[in-house]
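One structure is given below, encoded as structure tokens.
The values are calculated or read from the model by the stated rules, or taken from the named source; none is laboratory data. In this text the structure is predicted, and so the values were computed from the model without any measurement. With ideal geometry, Cβ positions are generated from the backbone for all residues, glycine too; neighbour counts draw on all protein chains shown.
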Amino acid sequence: MPQRDAIQTSGAPAAIGPYVQAIRTGNLLFCSGQIPLDPATGALIDGDAAAQAHRCLTSLGAIATEAGAALTDAVKCTIYLTDLADFAAVNAVYEQFMGDPAPARVTVQVAALPKGASVEIDAIIAVD
């Protein structure tokens with residue numbers, strides 16, 4: 001059985017269900033989806049989809065750092081939007097966080113997200 005290590009940081013919101021912020025196995029970090037919650041309060045942040053994407057990516061960056069990596073080491077991301085009309089605004093924020101080349105990615109529209117969020121983002125990150 002491969003070793004699986006839970007990664008937890010106060011720089012990202014605590015899990016709101018039976019999961020951890022991330023699992024590291026080998027040289028891969030599998031990050032749980034992050035919705036735009038304030039890590040200190042656990043409350044949904046105010047703001048549009050761009051602001052929410054910024055918070056999600058900041059949380060993913062904190063998780064990556066805790067594991068000894070960086071968000072720019074991401075190899076795959078998934079973005080969940082409740083409205084694809086926000087696609088361009090979220091892309092503009094996403095581009096600020098990602099390296100070149102940007103990771104592989106999927107973006108999908110979903111009916112709803114936890115706590116009424118407009119955006120959720122998960123990532124798989126390469127870790128040395």
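A few notes on this one:
- Options Thr58, Thr41, Thr25, Thr65: the member that is surrounded by fewer than 19 Cβ atoms within 10 Å (Cβ to Cβ) and under 10 Å from the mean Cα position of the chain (by Cα): Thr58
- Here is the figure for the stretch 1-58: residues that are in contact with a Pro (Cβ under 9 Å, 6 or more places away or on another chain) and aromatic (Phe, Trp, Tyr) total 0.
- Residue count for the stretch 108-121 under the criterion of being surrounded by 12 or more Cβ atoms within 10 Å (Cβ to Cβ) and either at pLDDT below 95 or within 18 Å of Ile45 (Cα to Cα) (or both): the result is 8.
- Index of the failed condition, Ala92 passing every other in (1) in a helix (DSSP H, G or I); (2) crowded, with 20+ Cβ neighbours inside 10 Å: (2)
- When the stretch 95-107 is limited to residues that are surrounded by 15 or more Cβ atoms within 10 Å (Cβ to Cβ) and not hydroxyl-bearing (Ser, Thr, Tyr), the one that is farthest from Ala70 (Cα to Cα) turns out to be Arg105.
- Unique residue being part of a loop (DSSP other than H, G, I, E, B) and not polar (S, T, N, Q) when the list is Gly33, Gly42, Gly61: Gly42
- Gly47 being modelled with pLDDT under 95 and more than 17 Å from Val127 (Cα to Cα): no
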